[in-house]
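S.K.: Attaching a single structure in structure tokens format; questions to follow.
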Amino acid sequence: MRTLAVYPGSFDPPTNGHLDIIERSSRVFSRVIVAVAVNLRKNAFFTPAERVRMLKRLTSTMANVEVTSFRGLLVDFARVQEAHILVRGIRAISDFEYEYQMAHMNRKLDQEIDTVIMMTGERHSAISSNIVKEIAQFGGKIDDLVPPLVRDILISKLKGAKRR
Ligand code: PNS
């Protein structure tokens with residue numbers, strides 16, 4: 001059976017935790033679409049185009065992984081892609097409630113769509129995009145938290161923002 005999964009998120013920026021989920025889901029599913037949400041609610045640091053660009057470079061060696069962005073409801077995006085599986089990562093039990101609510105809500109919106117939850121690898125369980133940005137903003141070391149590409153782009157964008 002060929003399976004297509006969508007891995008949605010804000011990815012602002014992508015972290016080692018996100019990459020862990022992408023790598024592992026690319027081994028479980030025959031195709032994975034990493035979908036960057038153009039989320040109107042959140043005040044993003046990186047533009048959707050920047051996030052897509054970073055993710056494309058980070059997944060360039062994974063033949064069955066594509067990266068794109070989407071607006072609006074996730075279930076509508078998944079339907080257009082003809083995907084019936086959503087992948088989400090859970091780092092700790094504190095993530096569970098939010099994921100539980102989203103999974104149920106998405107299934108209420110479209111009964112054809114199921115959410116598959118993966119446990120983020122232990123090594124990455126304390127990483128979040130917000131924490132990474134905060135540490136980097138105050139000059140802390142983020143080498144173990146994000147890939148070198150993201151570290152360099154984040155640091156250079158923060159420097160640019162400070163100058164302005
Ligand atoms: O990385 P995040 O911020 O936890 O990802 C959340 C995301 C983007 C998956 C969620 O906010 C989403 O699906 N947004 C699209 C709008 C939508 O469908 N909302 C209803 C979800 S129940």
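The values are calculated or read from the model by the stated rules, or taken from the named source; none is laboratory data. Because the structure is a prediction, the values reported are computed rather than measured. All Cβ positions, even for glycine, are placed from backbone atoms using ideal geometry, and neighbour counts span all protein chains on display. The accessibility values were calculated without ligands, DNA or RNA, using every heavy atom of the protein model including side chains. Shrake-Rupley method; radii C 1.70, N 1.55, O 1.52, S 1.80 Å.
S.K.: Is there a residue in region 29-41 that is over 22 Å from Ser125 (Cβ atoms), within 11 Å of the ligand (Cβ to nearest atom), open to solvent by less than 40 Å² (accessible area, probe 1.4 Å) and small (Gly, Ala, Ser)?
M.R.: yes
S.K.: Related question: Does region 64-85 contain at least one residue that is hydroxyl-bearing (Ser, Thr, Tyr) and within 17 Å of the chain's Cα centre (by Cα)?
M.R.: The initial filter retains those residues of region 64-85 that are hydroxyl-bearing (Ser, Thr, Tyr), namely 68-69.
When the remaining residues are screened for being within 17 Å of the chain's Cα centre (by Cα), the result is 68-69.
Yes, region 64-85 contains a residue that is hydroxyl-bearing (Ser, Thr, Tyr) and within 17 Å of the chain's Cα centre (by Cα).
S.K.: For region 29-49, what are the residues that are of a type outside the set (A, V, I, L, M) and either under 23 Å from Ser60 (Cβ atoms) or modelled with pLDDT of 95 or more (or both)?
M.R.: Narrowing region 29-49 to residues of a type outside the set (A, V, I, L, M): 29-31, 39, 41-43, 45-48.
Matches in region 29-49: Phe29, Ser30, Arg31, Phe45, Phe46, Thr47, Pro48.
S.K.: Let me ask another. Please specify each residue of region 129-160 satisfying the condition of being in contact (Cβ under 8 Å) with a residue 60 or more places away in the chain, open to solvent by less than 60 Å² (accessible area, probe 1.4 Å) and over 15 Å from Phe46 (Cβ atoms).
M.R.: Looking only at region 129-160, we keep the residues that are in contact (Cβ under 8 Å) with a residue 60 or more places away in the chain, and these are 129, 132-133, 144-147, 149-150, 153-154, 157.
After this cut, where a residue has to be open to solvent by less than 60 Å² (accessible area, probe 1.4 Å) as well, the list is 129, 132-133, 145-147, 149-150, 153-154, 157.
Across region 129-160, the qualifying residue is only Leu145.
S.K.: For Arg24, all conditions in the list (1) under 18 Å from Ile127 (Cβ atoms); (2) within 13 Å of the ligand (Cβ to nearest atom) hold save one; what is the number of the exception?
M.R.: Failed condition: (2).
S.K.: Those residues that are within 16 Å of Ser25 (Cα to Cα), in a helix (DSSP H, G or I) and open to solvent by 70 Å² or more (accessible area, probe 1.4 Å), I need them from region 57-95; list them, please.
M.R.: Once the filter is applied, which keeps residues that are within 16 Å of Ser25 (Cα to Cα), in a helix (DSSP H, G or I) and open to solvent by 70 Å² or more (accessible area, probe 1.4 Å), region 57-95 yields nothing.
S.K.: To continue, here is another question. Give the residue that is nearest to Lys108 (Cα to Cα), with candidates limited to residues of region 69-86 that are in contact with a Lys or Arg (Cβ under 9 Å, 6 or more places away or on another chain) and more than 10 Å from the ligand (Cβ to nearest atom).
M.R.: Ala83
S.K.: Determine, yes or no, whether Arg51 is touching a strand residue (DSSP E or B) at 6+ places or on another chain (Cβ under 7 Å), of a type in the set (D, E, K, R) and within 15 Å of the ligand (Cβ to nearest atom). Before the answer, list the steps.
M.R.: Details: touching a strand residue (DSSP E or B) at 6+ places or on another chain (Cβ under 7 Å): yes; of a type in the set (D, E, K, R): yes; within 15 Å of the ligand (Cβ to nearest atom): yes.
Spelling it out, Arg51 is indeed touching a strand residue (DSSP E or B) at 6+ places or on another chain (Cβ under 7 Å), of a type in the set (D, E, K, R) and within 15 Å of the ligand (Cβ to nearest atom).
S.K.: Additional query: Of all residues being away from the ligand (no atom under 16 Å from the Cβ) and touching a residue at least 12 places away in the same chain (Cβ under 8 Å) in region 98-125, which is surrounded by the fewest Cβ atoms within 10 Å (Cβ to Cβ)? Just the residue, please.
M.R.: Start the filter on region 98-125 by keeping residues that are away from the ligand (no atom under 16 Å from the Cβ), which leaves 121-123.
Subset that is touching a residue at least 12 places away in the same chain (Cβ under 8 Å): 121, 123.
On the way: Gly121: 17, Arg123: 11.
That would be Arg123.
S.K.: What's the number of the only condition in (1) at pLDDT 95 or above; (2) farther than 28 Å from His84 by Cα that Asn106 fails to meet?
M.R.: Among (1) at pLDDT 95 or above; (2) farther than 28 Å from His84 by Cα, Asn106 violates only (2).
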